[in-house]
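See below for the structure under consideration.
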Amino acid sequence: MLYINPKKFLSLAQSQVIIDVRSPSEFSQGHIPGAINIPLFDDEERKKVGTLYKQSGRQAAVLTGLDFVGPKMSQFVKLVDKVSQGKDVLVHCWRGGMRSASMTWLLKTANFNVSTLEGGYKAYRKFIREKLGEEIKLMVLGGKTGSGKSDILYLLEDAGEQIIDLEKIAHHKGSAFGDLGQEIQPTNEQFENNLFDALKKLDLGKTIWIEDESRGIGFVGIPDLFYQQMRNSVVLFLDVPKPLRVKRLVKEYASFDPLRLENAIHRITKKLGGLNAGLAIEALLQKDYDTVADLLLIYYDKAYLKGLSLRNEKKVFKLSVEDEDPEVVAKSVLEFFHNNKNLTDQIINYESHIS
């Protein structure tokens, strides 16, 4: 049986098919992006085998496991044949134990070329968390709520820059309103897996643009060491006038269900202040969305500026923005980035430190 480490496993995964043989609930909690779940045991079967192992020992658990798996063996082979489409197969379970060994044996018997992840998914998780803690060259795009940073990020990508969109990976835009219009958030474990998957597709020797974020994005959290890198990186702060930001927020959020908007305001009442929260809800009921956004920015602006003030001021560069066209702003960002010697010196010095 060929066991390979996580680095080799992920390299081969670019051209081979990953079969995750863990139970459906394990897979839902977190899995390698792109993996296909063909569970050796379903959740109930896994529970029974585990209980039997604790109460009656390994032999009893193995025999019961074989009773569960035996009738499904031909189905497993057919499923793998269908999803692999002639490609070689990569197999893993939780920690590289009997489940992956059993599936590997079966597939080899059926003439598949199979490699198994040494240490299983547990080893993969250890590997990616270590990788997410390694130093890389980040360029943080900052700005108060409503500055249009996400739009600009993608225009920078169109211009040839590398980006990581944390909000897209998290399925959340970060604020109390951040879940509106988004898919259900992944688990925190899956968020980390997806973040690593996005990073490994980039050239880590070059600058990666990333939007300034709080540690928590909805219900998921940025890994500690990665977040610390963001906090220590150079920031290009877009100073956008409040009226432009109000206009952008109204355009983005006014079409959502008023009840959901009201519930979001209630969630930040303590931070916003009872008076301002009440005024915002009253304005919402009157469909005065400009006033709602203006009031909410009282809290969000204060919170963002507090976070910005905790950074190394020598690493914060301000770019005043007067145009509401994201394409114009993105062009200004690139010009500022490439022509500002103090900023590029910070990047070069950081690059020297990590090389």
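The values are calculated or read from the model by the stated rules, or taken from the named source; none is laboratory data. It should be emphasised that the depicted structure is a prediction, and the values quoted were computed from it without experimental measurement. Glycine gets a Cβ as well: all are built from the backbone with ideal geometry, and neighbour counts include every protein chain shown. The area values use the complete protein model at the heavy-atom level, side chains included, leaving out ligands, DNA and RNA. Shrake-Rupley method; radii C 1.70, N 1.55, O 1.52, S 1.80 Å.
Return a yes/no flag: does the stretch 21-38 have any residue that is in contact with a Gly (Cβ under 6 Å, 6 or more places away or on another chain), of a type outside the set (A, V, I, L, M, F, W, C) and at pLDDT 95 or above. No: zero hits.
Look through LYS87, LYS122 and report the one residue that is open to solvent by 60 Å² or more (accessible area, probe 1.4 Å), touching a residue at least 12 places away in the same chain (Cβ under 8 Å) and in a loop (DSSP other than H, G, I, E, B). Please lay out each step first, then the result.
On the way: LYS122 fails: in a loop (DSSP other than H, G, I, E, B).
From the options LYS87, LYS122, the qualifying one is LYS87.
The residues in the stretch 321-340 that are closer than 21 Å to ARG245 by Cβ, of a type outside the set (Ser, Thr, Tyr) and either without any contact (Cβ under 8 Å) to a residue 24 or more places away in the chain or part of a helix (DSSP H, G or I) (or both) can be counted, and the count is 10. Within the stretch 225-239, the set of residues being in contact (Cβ under 8 Å) with a residue 60 or more places away in the chain and open to solvent by 40 Å² or more (accessible area, probe 1.4 Å) comprises LEU225, ARG231, ASN232, ASP239. A search for C-beta distances below 8 Å between a residue of the stretch 93-109 that is among the hydrophobic types (A, V, I, L, M, F, W, C) and any residue that is open to solvent by 90 Å² or more (accessible area, probe 1.4 Å), counting only pairs 6+ apart in sequence or on different chains, returns TRP94/LYS122; ALA101/MET1; TRP105/MET1.
Could you count how many residues in the stretch 195-250 are among the hydroxyl-bearing types (Ser, Thr, Tyr), within 26 Å of ASN340 (Cα to Cα) and within 15 Å of the chain's Cα centre (by Cα)? Write out each step before concluding.
Step one: filter the stretch 195-250 for residues among the hydroxyl-bearing types (Ser, Thr, Tyr), giving 207, 214, 227, 233.
Those left that are additionally within 26 Å of ASN340 (Cα to Cα): 207, 227, 233.
So of that shortlist, the ones also within 15 Å of the chain's Cα centre (by Cα) come out as 227.
Looking only at that region, the number is 1.
Of everything in the stretch 287-320 that's assigned to a loop (DSSP other than H, G, I, E, B) and under 29 Å from the mean Cα position of the chain (by Cα), which residue is nearest to ALA264 (Cα to Cα)? Out of the qualifying residues, it is LEU310.
Might you check whether a residue that is open to solvent by 40 Å² or more (accessible area, probe 1.4 Å), farther than 17 Å from SER147 by Cα, at pLDDT 95 or above and part of a loop (DSSP other than H, G, I, E, B) occurs anywhere in the stretch 275-286? Yes: one or more hits.
So, in the stretch 112-151, exactly how many residues are within 30 Å of SER332 (Cα to Cα) and over 19 Å from the mean Cα position of the chain (by Cα)? Final tally of qualifying residues: 6.
Residue-wise test of (1) surrounded by fewer than 15 Cβ atoms within 10 Å (Cβ to Cβ); (2) under 27 Å from ASN113 (Cβ atoms).
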| residue | (1), (2) |
| --- | --- |
| HIS31 | no, yes |
| GLY34 | yes, yes |
| GLY50 | yes, no |
| GLN55 | yes, no |
| ALA61 | no, no |
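Might you check whether a residue that is of a type in the set (S, T, N, Q) and in a loop (DSSP other than H, G, I, E, B) occurs anywhere in the stretch 22-44? If you could, list the steps in order and put the result at the bottom.
Step one: list which residues in the stretch 22-44 are of a type in the set (S, T, N, Q), which gives 23, 25, 28-29, 37.
Filter once more, keeping what is in a loop (DSSP other than H, G, I, E, B): 23.
Checking the stretch 22-44: at least one residue is of a type in the set (S, T, N, Q) and in a loop (DSSP other than H, G, I, E, B).
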